[in-house]
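Peer 1: My questions all concern the structure below.
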Amino acid sequence: MHTAPLTTRPAKDPTAFFDDLAQTLTARRDALTQKAVLSEGAHPLTRLELIEWLQFRFWYLQEEGRFIDSWLSDAPNTEWLASLGALMAERERQSRKLQDQLETLGTTTATWSPESEWGHWVSEFHAGIDDTPERVIAYALGREPAPMESLEKRMPDAFAKLTTTSSPASARSQRSMALGLRTARGYATTPERQARTRARVMHAFELEQKARLAFSRRIRSIRALAAANDTVEDAPKAGAGND
């Protein structure tokens, strides 16, 4: 009895592979956003919540600078160098803008610290010895825990002009997606590489959602503290009315 030889499934077209990953993550994010557990609420941002978001954004950009800098030393060609250099330049511009915004609000990031989930999530993008392309693709398809679209809708008029930072349609996001697609076209050309890349992207997505939950937790703690302070301030002082 003759057995038909096993055939290996051919690799997807790299562009179609990248687009499929992007569509899959978009659908999953949209579904998760509908769940109350991932919702940051619909009320306008308070000043303290806005400051928290700006501080998080500044921290993220500093971390992003570190892992992109590590990729620069492992860039396989001049096209990568140019793309990474453009991302670093955009990061510098946004960092300076965030510093100005925080100063306008009368604060800095001096005493601010990240949640542990944020550090774990960002560490996934640090370059390794032989998997930098996979990390670059995961980074290109990643999103920050606080979705800009949601925050823009909740921005008070007093802060709207102050906080014209990045959005998914920004030049920075476009550059990172273009880099991810270019990387996929040059790297994700075999079934094995595509399987490893998909696993990397999906793991980064799981960490992204944990980071978002941590952001929601941070916002809830800020609200709870503000509510407690209001209660203390509104409560009558001991002995009041007992003259």
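We did not get these values from a lab; they are worked out from the coordinates using the rules stated. What you see is a predicted model; the values in this text were computed from it and never measured. We place every Cβ from the backbone using ideal geometry, glycine too, and count neighbours over all the protein chains shown.
Peer 1: Convert each backbone phi in region 191-203 into a coupling constant with the Karplus relation 6.51 cos²θ - 1.76 cosθ + 1.60 (shift: θ = phi - 60°), then list the ³J(HN,Hα) values in order as whole Hz, x for Gly and Pro.
Peer 2: So the J values, rounded to whole Hz, are x, 5, 5, 5, 5, 5, 5, 4, 4, 4, 5, 5, 5.
Peer 1: If you plug each phi of region 23-32 into the Karplus form 6.51 cos²θ - 1.76 cosθ + 1.60 with θ = phi - 60°, what whole-Hz ³J(HN,Hα) values come out, in order, with x for Gly and Pro?
Peer 2: Each residue of region 23-32 in turn: 5, 4, 5, 4, 5, 5, 5, 4, 5, 5 Hz.
Peer 1: Sticking with this one: Between beta-carbons, use under 10 Å as the cut-off and find the net charge around PHE67, counting Lys and Arg +1, Asp and Glu -1.
Peer 2: Net charge around PHE67: -2.
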